[in-house]
Each structure stands twice: as C-alpha cells, then as structure tokens.
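The values are calculated or read from the model by the stated rules, or taken from the named source; none is laboratory data. Keep in mind the model is a prediction, meaning the values are calculated, not measured. In this analysis, Cβ positions are derived from the backbone assuming ideal geometry, glycine residues included, and neighbour counts consider all displayed protein chains. All accessible areas refer to the heavy atoms of the entire protein, side chains included, with ligands and DNA or RNA removed. Shrake-Rupley method; radii C 1.70, N 1.55, O 1.52, S 1.80 Å.
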Amino acid sequence: MGNDCQKHAGFFLLGLIFCLTLAGTAAADRETTFSLFTFRKAAEAQQAWRACNGSPAVACEPDAPPGVRFPALFGANNDRVYWDRAVSLDLRGYDLLELDLTSIQPETIRTFSLYLKSGDGWYLWSAPLTEGGRQKLFFPIKDAAVEGKPAGWDDISILRISLTRKERGASAGPNAAILAHALRARTCNLVVVQGTLSIDNADERTYARSRAKRISRWLLDLGIVHSVVDDEDVVAGRLNSAQVAILPYNSMPPNKELRALESFVKSGGKLMVFYSAEPKLAKLMGLKLGSYQTAKVAGQWSGFAFNRMAPPYMPQVVYQDSANIFPAYPADQDSRVIAYWQNSSGKESADPAWVQSPRGLWMSHVLLDGDAVNKQRMLLALLGAYVPSLWEQAAARVISRAGKVGPYVNFNDAMTGITRMARGTSAEDSANILLVCCSQDYKIMSAALAKRKYTEVVETGQRLQTKLVEAFVCVQRPKNPEFRGVWDHTGMGLYPGNWPKTARILADAGINAVFVNVLWAGLAHYDSQVVPKSDAVSRYGDQLKQCLAAAHANRLEVHAWKICWNLSNAPESFVAAMRKAGRLQVTGTGDKLAWLCPSHPDNVALELNAVSEVLNRYPVDGIHLDYVRYPDGNACFCTGCRQRFGQRLGEEIRDWPRSAQSGNLSGKYNAWRSEQITAFVRAVQTQARKSGGANSKRIIVSAAVYPEYPGCINSIGQDWGRWLKEGLVDFVCPMDYTVNSGAFKNLVGRQLALPNAGGRVFPGLGVTAMESQLTPDQVVEQILQTREAGAGGFVLFDLNRTLERNILPALRMGVTRP
C-alpha cells in the first residue's frame, strides 16, 4: 500500500510544516534560535562539541535536516556519555528552551540531559526519550535543577548534552544516537499558571503542580508551545505579554494576583480557569460562583457533553469521574454554559461543566488524568478559538506523527507493515478497506497543508490516525490460554450498583480476571467486622459479594485487591486511634504518616485478620497484595522499629534514626525492613493455603510490585524477586507504566529473567496511569511484547470510561478476541 514516492512526500510534508510553523509563530512569541548544530565538516563539529570523559566524537549531518549526531555508545564501565560546547548566551526574560532533535533507537537511553554552565554552577534538565524519530523536547526555565552556584541566566558559558544508559549491560545498536537540529529560547503567548500563592497548604500545592504538569504535557503532546509560570510571576506582570492564561488549579488567588488578572483581561487577555473557589475571580470574568458540591451517588458526574454554543471541533463527550465540583454560572446575557455534566448512564444534569464569557472559560472541576485523547482535542478547540495560530502548531505535530502506530515509525512503514500483517487473516478485507481510506485521507491532509488550512489538517490527520489504528488492531490474533486481568480501582465496577453490566463488558472483550479494590488497611467495600465499612456498602451493598456473583457468572476470576498499610482513605477516627496507639509509621524527621507500621505486631494481626475474613466468607479466586511495601526510604523510624530492630541485632541502637537511615547500620536496617514485608507476604500465603470456609479451591496469591528490581529492595523494602524464588506468591504484576515500547520491552525482559519467574510475571500496563496514558495501538503493542517475552499474561490499569470506550473495543477486535 506504500511506495517510495509516498515516503518522500512524507519527508516533504514534514519539512514544509516545520518551515510554516516557524514562519507563523515568530511574530506571536518572542523567539531566538541559536546556531549550534550546523556544520559543513565533521572536524568542525568535533572541534566545537568536545567529547568528555572518553565519550565518542560527534558526527556532522550536513544533509537536510542538518544537525550534529551524538552517539549513544557507552563503554563497558561507562553509563554516561556527554559533550560540551563553549557558548555565550543571555537567557534572561525567556520562559522555555526548545530542542529540535531526532531520536534514533532510544530504547537503550535512560535519560537525555541538557546542562547550562553559569559561573561556578550549572542549570540542568533531564527527560526520558519516550519515542523515536523527529521530535521536540521542551525545558521550562522555571523547572531547571541547580548544581553548584550558577551566576545567573545572563552568563551561560557552556552547553552540555548528556545521555545515560538504560541499564548496565544493555546492548545499544551501533546507530543509537541523538541527532540535534536546533535550540531555541522562547517566551510564549500561551501561559500555564501553576498554583502557589493561591493554594494554602503544601499537599494542595503538590496537587496543583500535578494538574499544571498534566495540562502542560497534553499541550506538548499536541505540539502546542507554551510557558509554565507560577502565581508570583503573574503578580510580577508576566501576563502582560500573553494572550491566554490557563489556571489549572489556583483555588484562592490573593488580591494582588486578582488585580494582575483583572488587568490582563481588561487588556484583552483570556483566562481558562479550573475549579477555583474565589468569587472575585468569577466576577471579573463576568460569572457568578455557585456553591461547592459533593457527589451524592457514585457516577453522578462522569463526563460532560458540549452543546451548540461551544466552539467548533469539540469532541462530542469527554469522560471524567469527578467526586466534587465548584460550578460558576452566567452572570449576564454575554455569558453561556457550553457543556453540562452527565452521569454514568449518559443522562445530562443541570450542573454546568464549562461556562464561557467574553473574558474566558471556567470549568467546575480540575482536569483529571483519564480520556486523554478527547481532553487534548477539547483543549485545542477551546484555545484555538482564542489563538488560531495554535492550529498551525497542532498541524505540525499531526504531520510529524502520521503513521506512528504500534511499532511503525512513519506512514509508509505502517501502511506496508499492516498490509503484510493482514494477509491470510479473517480481517484482511476490512483492513485493506481501512488502509485505502487512510491513503485518501493522507492526500486530503497534504492538500490542506499546502493551502494552510490547519484545522482541516488536524481533523483529517486525527481521522487518518484513528483508521490506521483500527486497521492495526483488527489484524491481531488472540492467544489462548492467556491471563488477561483488569485492575478496578474504585472497587464498584464501571456502573455502581450494576456489577452484571461491568462483568459482561469485560467478558465480551476477552478479559478473564478482575482485581477488585475492596479492602484497604482501614476501609472495606463489604460488610467487614475487622475494618470500617465504606459508604459504598450502605449505598450499593456488599461490593465483593456482588462482584463475585456477576464475575463468576461470566467466567471471570475475582482477585480481592488488598491495599496494605496505607490509611489514606480510612475514616479519620480510625487513623486517630492508630496514631494514639503509636501504630503509625514515622519519618526520619519525626512526622507521622497515615501508614501502619509493618513491624508492629498489632498491625500485622489486623492486616492478616482482614485477609482471613475475606478468605473465610467469600469464594474469591485470589488475594492480590498492593502497597505491600514502605512508602519510601524515609520510613519507618518509630520507637517500635528502633526497639524491634535492636532486638534483631542484639544491641541497643544509638544515634537513631541517622545510624539506620544513612549511617553505619543503614544496610542492615534496609534488609530488616525488607524482611518485615517478606514475612507478611509469607503469612498471607500460609493463610491462603489453609483457607476454608467459603473456599474449597486453591487460592492464588499475587502482588502489584515496583518494576525496577532489585532497586526497590532498599528503596521501599519490596524484595519481590525473593517472593518468586521462594514461591511465596503465585505471580507478580510489575507496574510497568511507560509509553516507551522499548523501555517496556526491556523491563519485561529483565523481570522474566529472574529466578523462578517464568510464567509468573504478568506485567501491568499503564493504560490510564499518572505515569503513562496509552492509546489503543500502544496497548496492543505492549501486549504483543509480553507475549514475545513469554510472560503468559498481563493486567490493565484501570477500569474506567477510557478503558471501556477506547481500549476494550480495540482489544476485542483482535488481540483478545473471545
């Protein structure tokens, strides 16, 4: 279906769109391009870019697109290669550095780092390379880490590019490299404002930072360049040069920030506000703030649909399960509601999700992580209505990613590969029809690009990609037998109160196991006599009982998902009782955490009693342990741990906690922490093997574990390699949450190489995790990689609308076809 002319046309389109984008955005944003990577001869490039510490010399790439090749060739004992270039740069007043590069065989590279030397110190950024091919990396000035004592952004004397190896012993192909084309400094007219002054406590500021980062990542994935600033920058006048400011979670802006925001909108700027509680902010936008609301039933606010008054090119529905909202309402005839919330059944409510006024937009909650594709399309349509040039940037991204489906890196490769894969399958005719449509869309997209019709480029490109993904997924073949699990984080299924519907959806998609989150360290979704019952029990009934009945009727295994030690959702009265009894974990600085201490005998007994209750009362197929670890290396250092650790060593522990945390006893203490967790896992396995009551079958014991082993032994006390070796668990589910297929493949390969791991490692795929959000073809590709590695199964995170509407239909077309 592809040919060389098509391939060369793709290169032409990519070059054309880069040129058009630079021409179209230079006037809108303040931008400076530094000439650092263009040379006629290799000797010139090598003289300018000095190879350091035994690193290989750079190479010159004079052909279009020109650049400098930095080889990822690591020595036997060298996990890092880097190069320095003398420069003289003044970056004052810029918000962002943009590096245009091509990544070649990135799967063996752990991080790409950019260093800027200033005086006696460095500014630096590090980023993983999540995909191969032509791309841009963005480095916000505000996010720069610091080494030493930099003299300031006006005195940059050396630029360093550094690559680190994924792992010691990992083989890198002879062509693995980074090809750098251009470095630009920018100040953008689209600004994301991270909540700082507007948030009143540290935990909420951390959450505000995560919301700003999520929106920033979505924008970058769309190809939209923007600046990330904070509330202090707004007060200092940063918005004076902006057109649109996004406030992802800025709850209560102080008066000085409100004055700056008012000045901004009076001068013609537009605001996009999420979930603010400040009525003055609503008023200056021409809106009226309503009251804070919490959901009365699960699924009350499960998505929102845009109406005819919304800007064009909006997705029909965006899915998001919100537990609370803070709506704003039109204050005059110039403002209007453009989207209302829907419940889990798709019924529209009277609660506004989005309101638009002449001064901007207001959403009644923050943007959560799910349904990434539709949320990106929504952001582009809303922002593009204010800044039309953003469509041009998005068109550049669409062109550059056309054909990047599954393992394929461009449109020609995808067309050829899928055609070959379809031959002889039952889906051959369907796939070929789809591929013909893709070819037609590619021509339409090319014509639209030539005419600078960027919205048409984006719309056609998205349609092309959807059809190409469908062609890819429909030609896949199922594998039987295979363990296919899904984590249900809510513990109530997709439709609370209707487990039969959820079970049918999973079974119809070829899923054969559900991990239902019904038991935490301080809360249960069933009628527990050991830990407090959740509100879900009184509202919907016993969730474990209902899940079991529906799942077993649909031939689904049910693994009771047990959250260990973590009390984050336990009733405050329960946490207070644990705190009073001295049963909580303590950090090295003496802070008490909402985690039970794993070495406290009463805590171990509580957790085991809860597991025993499930095994004796419910016919579950398995117990699935999660959070079976410490939170990090900074816990637990309670007085009980000091005493019990000392008893183990047979001596009094002095200089506590320093000696155990970083002193002469740190190694022994890390081993002792790990033993506490392993002893608990062994006790659960013993219970499972002896269980009676509701169970006459063999109970499976499994665990969700950190992917990087053995590093997690010391960091969180989780020696899951030992659990496999000693047969303490039947299988583990490493949380291999990454969008990088090469990194995923390497992780799975290392995990399956552990002793006694064969057939007992079922990788967890981060479909909608915070760390990764996978498209249907990426999910399929990772499933194929688990099969290639011999894993025998996989588990998907998480059961939600995105999985139901976007992922499961794609899987059932081929790779998990019943």
Looking at (1) surrounded by fewer than 21 Cβ atoms within 10 Å (Cβ to Cβ); (2) modelled with pLDDT under 95; (3) farther than 26 Å from THR32 by Cα, which one does ARG205 not meet, given that it meets all the others? (2)
Quick one: would you say ALA560 is outside any loop (DSSP other than H, G, I, E, B), surrounded by 19 or more Cβ atoms within 10 Å (Cβ to Cβ), touching a residue at least 60 places away in the same chain (Cβ under 8 Å) and of a type in the set (Gly, Ala, Ser)? yes
Count - residues of region 112-131 that are open to solvent by 10 Å² or more (accessible area, probe 1.4 Å) and either modelled with pLDDT of 90 or more or within 15 Å of ALA182 (Cβ to Cβ) (or both): 9
Does any residue in region 652-664 that is more than 17 Å from ASN714 (Cβ to Cβ) come within less than 8 Å, Cβ to Cβ, of a residue that is open to solvent by less than 30 Å² (accessible area, probe 1.4 Å) six or more places away or on a different chain, and which pairs are these? GLU652/GLY646; ILE653/PHE645; ILE653/GLY646; ILE653/SER659; ILE653/ALA660; ILE653/LEU665; ASP655/GLY663; TRP656/PHE637
Which of the strands (runs of 3 or more DSSP E) contained wholly in region 213-319 include at least 1 residues that are within 31 Å of the chain's Cα centre (by Cα), at pLDDT 95 or above and aromatic (Phe, Trp, Tyr)? 270-274, 301-306
Open to solvent by less than 30 Å² (accessible area, probe 1.4 Å) and within 30 Å of ASP508 (Cα to Cα) - does that describe any residue in region 563-576? yes
Looking at this structure, is GLY667 within 16 Å of CYS641 (Cα to Cα) and open to solvent by 40 Å² or more (accessible area, probe 1.4 Å)? yes
Going by the structure shown, is VAL518 outside any loop (DSSP other than H, G, I, E, B) and among the β-branched types (Val, Ile, Thr)? yes
From the residues in region 584-614 that are among the acidic types (Asp, Glu) and touching a residue at least 60 places away in the same chain (Cβ under 8 Å), which one is farthest from PHE645 (Cα to Cα)? GLU613
I need every pair where a residue in region 314-334 that is among the β-branched types (Val, Ile, Thr) has its Cβ under 8 Å from the Cβ of a residue that is buried (at least 17 other Cβ atoms within 10 Å of the Cβ) and part of a loop (DSSP other than H, G, I, E, B), sequence separation at least 6 or different chains. VAL318/ASP371; ILE325/TYR275; ILE325/SER364; ILE325/HIS365
Members of region 291-305 that are buried (at least 16 other Cβ atoms within 10 Å of the Cβ) and either in contact (Cβ under 8 Å) with a residue 60 or more places away in the chain or among the hydroxyl-bearing types (Ser, Thr, Tyr) (or both): ALA298, GLY299, TRP301, SER302, GLY303
Quick count over region 89-100, residues being part of a strand (DSSP E or B) and either open to solvent by 20 Å² or more (accessible area, probe 1.4 Å) or farther than 18 Å from ARG217 by Cβ (or both), is 2
Is one or more of the residues making up region 758-770 open to solvent by less than 10 Å² (accessible area, probe 1.4 Å) and touching a Lys or Arg at 6+ places or on another chain (Cβ under 9 Å)? no
Could you tell me which of the residues ALA396, ALA381, ALA385 is part of a helix (DSSP H, G or I) and modelled with pLDDT under 95? ALA396
Would you point out the residue of region 132-166, among those that are open to solvent by less than 40 Å² (accessible area, probe 1.4 Å) and of a type in the set (Lys, Arg), that is nearest to GLY75 (Cα to Cα)? ARG165
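Residues are listed down the side, and each one gets a yes or a no for (1) within 26 Å of PRO315 (Cβ to Cβ); (2) among the small types (Gly, Ala, Ser):
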| residue | (1), (2) |
| --- | --- |
| SER439 | yes, yes |
| MET445 | yes, no |
| ALA450 | no, yes |
| TYR454 | yes, no |
| GLY461 | yes, yes |
| VAL473 | yes, no |
| ASN498 | yes, no |
I need a count of the residues in region 60-75 that are modelled with pLDDT of 95 or more and hydrophobic (A, V, I, L, M, F, W, C). 2
Residue among ASP90, ASP120 that alone is more than 28 Å from the chain's Cα centre (by Cα) and free of Cβ contacts under 8 Å to residues at least 60 places away in the same chain: ASP120
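Quick grid of which residues meet (1) charged (D, E, K, R); (2) farther than 21 Å from LEU97 by Cβ; (3) out of contact with any Ser or Thr (no Cβ under 9 Å at 6 or more places or on another chain):
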residue: ASP29; (1), (2), (3): yes, no, no
residue: THR32; (1), (2), (3): no, no, yes
residue: LYS41; (1), (2), (3): yes, yes, yes
residue: GLU44; (1), (2), (3): yes, yes, yes
residue: GLN47; (1), (2), (3): no, yes, yes
residue: ALA51; (1), (2), (3): no, yes, yes
residue: PRO56; (1), (2), (3): no, yes, yes
residue: ALA59; (1), (2), (3): no, yes, yes
residue: PRO62; (1), (2), (3): no, yes, no
For the structure I just gave you, tell me whether ARG722 is open to solvent by 20 Å² or more (accessible area, probe 1.4 Å), modelled with pLDDT of 95 or more and among the charged types (D, E, K, R). yes
Can you pull out the residues in region 618-652 that are outside any helix (DSSP H, G or I), within 18 Å of PHE680 (Cβ to Cβ) and open to solvent by less than 20 Å² (accessible area, probe 1.4 Å)? GLY622, ILE623, HIS624, LEU625, ASP626, VAL628, TYR630, ALA635, CYS636, CYS638
